[in-house]
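Here's the structure, in structure tokens; my notes come after.
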Amino acid sequence: MKILVLNGSPRKNGNVSKTLKKEVEKISQKYSARENVLIIWENAAELDFDFCRGCMACRSKKNCILPNDDAHRIAEEINHCDMIFVGTPVYWGNMNGKLKSLFDRLVGVLMAESKFGIPLPLQKGKKAVVVTSCTTPFPFNYICGQSSGAFRAVKEVLKSSGFRIVKKVNLSNTKVTKKIS
């Protein structure tokens, strides 16, 4: 089993990173008794890639036509993974900007398009875990749309791509709460 971890947090030892590590450890222990588990960890903040140009060529070519960069490498990792973990801090009710820019560049590997313009998922059957972290206290992180907005954005990308979300972890009030349960 190959697990790809996309850490959208710029903080290597922040709440998102720590929670991703715990969740990946749980899953890898579950599967390691039956099969080898390979974990590929990618920190979005460290990736070097250009922004999407919106040319839509990737929809038919199933790959971005921009010059090779880290987005192309991540696209290959997605094609060969069995499961993906996506973690992001909540920024203005959405996912981290660098992670969003990465997803924009990955459209060609995530979904195709029918001749009528209907999105066709290219990653069907793969599982996903989503982790979000927000400084807004519960329940206001949901009432004000902070955590729910970030989760909704990540879910839209993953579900449109064919991933099945098997777990969602949301941390709230992280400005005050320093300990991850």
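For this structure, a couple of remarks:
- Global form of segment 26-68, assessed from the alpha-carbon gyration tensor, a/c cut-off 1.5: prolate
- Rounded, prolate or oblate (a/c below 1.5 giving rounded, otherwise prolate when a/b exceeds b/c) for segment 15-113 by Cα gyration tensor: oblate
- Set K21/K61; K26/K98; K2/K175; K30/K168; K100/K155 screened for pairs whose C-alpha atoms are more than 23 Å apart: K21/K61; K26/K98; K2/K175
- Proportion of all alpha-carbon pairs of the chain beyond 23 Å (%): 41 percent
- Segment 1-131, accessible area per residue, ligands and nucleic acids excluded (1.4 Å, Å²): 52 Å²
- Carbon plus sulfur fraction of accessible area for segment 80-181, probe 1.4 Å, in percent: 58 percent
- Prolate is the label for segment 107-181, because a/c, from the alpha-carbon gyration tensor with a ≥ b ≥ c as root eigenvalues, is 1.5 or above and a/b exceeds b/c.
- Take the Cα of N68, step 7 Å toward its Cβ, do the same at D82, and the gap between the two points is 2.8 nm.
- Efficiency of FRET between A33 and K159 - r from beta-carbon atoms, R0 25 angstrom, step 0.05: 0.25
- Measuring between their Cα centroids, segment 9-60 and segment 105-176 lie 13 Å from each other.
- Neighbour net charge for Y31 - beta-carbon separation under 15 angstrom, K R +1, D E -1: +3
- In nm, spacing of pseudo-spin labels at N173 and I118 (7 Å Cα→C-beta vector): 4.6 nm
- Rounded to 5, the percent of DSSP beta bridges in segment 33-181 classed as antiparallel: 20 percent
The values are calculated or read from the model by the stated rules, or taken from the named source; none is laboratory data. Since we're looking at a predicted model, the values are computed, not measured. Reconstructed Cβ throughout: ideal geometry from the backbone, glycine too, with neighbour counts over all protein chains shown. SASA here: full protein model, heavy atoms, side chains in, ligands and nucleic acids out. Shrake-Rupley method; radii C 1.70, N 1.55, O 1.52, S 1.80 Å.
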